[in-house]
Amino acid sequence: MLTLAIETSCDETSCAVVKDGREVLSNIISSQIEIHRKFGGVVPEVASRKHIENINQIIGQALDEANVTFKDIDLVGVTQGPGLVGALLVGISTAKAIAFGLDLPIIGVNHIQGHVCANYIEHKNLEPPFTCLIVSGGHTYLVQANSYTDYELIGRTRDDAAGEAFDKVARALGLSYPGGPLIDKLAKVGNKEAIYFPRVFLEDSSYDFSFSGLKTAVLNYLNQANQKGEDIVVEDVAASFQQAVLDVLVEKAFRLAKEKGSDKIVIAGGVAANEGLRSLMESREKEEGIDILYPSKVLCTDNAAMIGSAAYFNYIEGKESDLYLNVIPNLDFK
């Protein structure tokens, strides 16, 4: 089954052709990072307009690279949410037009489920159940994947997502957008023990996350150092901050996996590309006897291939949408 998938939830215009949910025939991604960098973050109206300008060309490139035509497509998948409402509307309007014109089934995909499904593309033999840590700019979740479409949401952020905290701290350090990869790079040469920042674990039994207090602690440290005229070693701040985030993410992920009896922890989302996170997870892998899996970096960021994979698994489970499909910017993950 060939799925034509469209992803426009934020600032990447992407289209992919995916075979049977796991084999990527094409995955074209047009990033707007350079456009939004001068603003220090994504401007929703600008993102929407660029999606409109790019979408038809990106779809054509995806079909050409896959060496297929519209007549070869069996299913249309598109991100329904969460995301920016204007950006999502571009993708859904386009997908519905294609599905209507070709009389094809259409599947609205939860963007977060798409991030999980990126691992089915990367790891061809991966099957549920497993524990999953989903970490991105807007979301931080701990879930138990019971099947390809059944996810038990166990922990979530109560305030800032991990990736959001990375970007805000990066901005305070004078780094450009997006800040997460830059902090990860600086952390490699900084001293992670130079500054102690709080690790917020919340209640003893909780799998939720909270990074707002940590972010504030970093900002307070920077303000106090500036007021005292003290030198700020950016690399040390980056390393110490990142370690405080990762300690909590890793500890809770392994605790949940052991509680659920999982032999695999799957990492998903943009922060899954963070080398510090991968290294720390892998350092616990043999000690705990739990396998750590994550996608290649191109599949960690927003892309249509992961949406195509999720659409396929939803479709074979009978979860078909219709042409009344609409965007849900605050779509929850459940």
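The values are calculated or read from the model by the stated rules, or taken from the named source; none is laboratory data. Note that the coordinates shown come from a computational prediction; the quantities given were computed from them, not determined experimentally. All Cβ positions, even for glycine, are placed from backbone atoms using ideal geometry, and neighbour counts span all protein chains on display.
Any idea how many residues of region 285-318 are outside any helix (DSSP H, G or I) and either of a type in the set (Gly, Ala, Ser) or touching a Gly at 6+ places or on another chain (Cβ under 9 Å) (or both)?
Going residue by residue through region 285-318, those that are outside any helix (DSSP H, G or I) are 289-296, 301-303, 317-318.
From what's left, either of a type in the set (Gly, Ala, Ser) or touching a Gly at 6+ places or on another chain (Cβ under 9 Å) (or both): 289, 296, 301-303, 318.
Residues flagged as outside any helix (DSSP H, G or I) and either of a type in the set (Gly, Ala, Ser) or touching a Gly at 6+ places or on another chain (Cβ under 9 Å) (or both) within region 285-318 amount to 6.
TYR141 - would you say it is of a type in the set (Ser, Thr, Tyr), in contact with a Phe, Trp or Tyr (Cβ under 8 Å, 6 or more places away or on another chain) and within 19 Å of GLY81 (Cα to Cα)? Don't jump to the end; show me each part of the working.
Values: of a type in the set (Ser, Thr, Tyr): yes; in contact with a Phe, Trp or Tyr (Cβ under 8 Å, 6 or more places away or on another chain): yes; within 19 Å of GLY81 (Cα to Cα): yes.
Spelling it out, TYR141 is indeed of a type in the set (Ser, Thr, Tyr), in contact with a Phe, Trp or Tyr (Cβ under 8 Å, 6 or more places away or on another chain) and within 19 Å of GLY81 (Cα to Cα).
If we scan region 120-131, do we find a residue that is surrounded by 17 or more Cβ atoms within 10 Å (Cβ to Cβ), modelled with pLDDT of 95 or more and in a strand (DSSP E or B)?
Taking region 120-131 and keeping what is surrounded by 17 or more Cβ atoms within 10 Å (Cβ to Cβ), we get 120-122, 126, 128, 130-131.
Next, from what is left, pick out any that are modelled with pLDDT of 95 or more: 120-122, 126, 128, 130-131.
In the following step, the residues that additionally are in a strand (DSSP E or B) were identified as 130-131.
Yes, because at least one residue in region 120-131 is surrounded by 17 or more Cβ atoms within 10 Å (Cβ to Cβ), modelled with pLDDT of 95 or more and in a strand (DSSP E or B).
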Region 49-98, residues that are over 21 Å from GLY21 (Cβ atoms) and charged (D, E, K, R): ARG49, LYS50, GLU53, ASP64, LYS96
Consider GLY138 carefully, then state whether it is at pLDDT 95 or above and surrounded by fewer than 24 Cβ atoms within 10 Å (Cβ to Cβ). no
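Going by the structure shown, is ILE98 touching a residue at least 24 places away in the same chain (Cβ under 8 Å), assigned to a helix (DSSP H, G or I) and surrounded by fewer than 20 Cβ atoms within 10 Å (Cβ to Cβ)?
Yes.
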Return the only residue of VAL266, VAL245, VAL234 being over 24 Å from ASN110 (Cα atoms) and in contact with a Phe, Trp or Tyr (Cβ under 8 Å, 6 or more places away or on another chain). VAL245
Please go through region 191-242 and pick out each residue that is within 25 Å of the chain's Cα centre (by Cα), polar (S, T, N, Q) and not in a loop (DSSP other than H, G, I, E, B). SER212, THR216, SER240, GLN242
